[in-house]
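Visitor: This is the structure, below, for whatever I ask next.
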Amino acid sequence: METIRCGRQPRILVVDDHEASSRHTMASLDRLGVTVRRAKTGSDALQIAISWLPDLLLMDLCLPDRDGLHWTRQI
């Protein structure tokens, strides 16, 4: 795979409470040269998004603290 080149590495926040699926997603994105962070809950995602300002959010719909749609609206 080719690395993305656009001045700086894109930032992607992966929000998923399931370790295996988020690990797979993050490994795939890492191979593309993307900077990736993970949140296990929607409230964690909100705090990370405010401070880190990701370019893209990959949000699980079923999270332990509310559904992903709620948190996407908050962000």
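Visitor: Identify, please: which residue in the range 7-40 is surrounded by fewer than 15 Cβ atoms within 10 Å (Cβ to Cβ) and of a type in the set (A, V, I, L, M) and is, among those, farthest from D55 (Cα to Cα)?
Guide: Filtering the range 7-40 for residues surrounded by fewer than 15 Cβ atoms within 10 Å (Cβ to Cβ) gives 7-8, 18-21, 23-24, 27-28, 30-33.
Next, only the ones that are of a type in the set (A, V, I, L, M) stay: 20, 27, 32.
Working: A20: 23, A27: 18, L32: 15 Å.
Looking at the filtered set, the residue picked out is A20.
Visitor: Sort out which residues of the range 59-69 are assigned to a loop (DSSP other than H, G, I, E, B) and of a type outside the set (A, V, I, L, M, F, W, C), and write them in order of number. Steps first, answer last, please.
Guide: Step one: list which residues in the range 59-69 are assigned to a loop (DSSP other than H, G, I, E, B), which gives 60-61, 64-65.
Selection gives D60, P64, D65.
Visitor: For the range 59-71, which positions are surrounded by fewer than 18 Cβ atoms within 10 Å (Cβ to Cβ) and at negative phi?
Guide: Initially, the range 59-71 is screened for residues surrounded by fewer than 18 Cβ atoms within 10 Å (Cβ to Cβ), giving 61-62, 64-67, 69-70.
Scanning the range 59-71 gives L61, C62, P64, D65, D67, L69, H70.
Condition check ((1) assigned to a helix (DSSP H, G or I); (2) out of contact with any strand residue (DSSP E or B) (no Cβ under 8 Å at 6 or more places or on another chain)) across all residues:
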residue	(1), (2)
Q9	no, no
A20	yes, yes
A27	yes, yes
D30	yes, no
G33	no, yes
L46	yes, yes
I50	yes, yes
L57	no, no
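Visitor: Here's something else I'd like to know. Every residue in the range 41-54 that is open to solvent by 90 Å² or more (accessible area, probe 1.4 Å) and on the phi < 0 side of the Ramachandran plot, please. Walk me through it before giving the result.
Guide: Of the range 41-54, the ones open to solvent by 90 Å² or more (accessible area, probe 1.4 Å) are 47, 50-51, 53.
Of everything in the range 41-54, those that are open to solvent by 90 Å² or more (accessible area, probe 1.4 Å) and on the phi < 0 side of the Ramachandran plot turn out to be Q47, I50, S51.
Visitor: Quick one: would you say T72 is part of a helix (DSSP H, G or I), without any contact (Cβ under 8 Å) to a residue 60 or more places away in the chain and under 11 Å from the mean Cα position of the chain (by Cα)?
Guide: Details: part of a helix (DSSP H, G or I): yes; without any contact (Cβ under 8 Å) to a residue 60 or more places away in the chain: yes; under 11 Å from the mean Cα position of the chain (by Cα): no.
Here the answer is no, as T72 does not meet what is asked.
The values are calculated or read from the model by the stated rules, or taken from the named source; none is laboratory data. Predicted model only: the values in this text are computed from it and were never measured. Positions of Cβ are generated from backbone atoms using ideal geometry, with glycine treated the same way; all protein chains shown enter the neighbour counts. The protein model used for the area step is the full one, side chains on, heavy atoms only, and it has no ligands, DNA or RNA in it. Shrake-Rupley method; radii C 1.70, N 1.55, O 1.52, S 1.80 Å.
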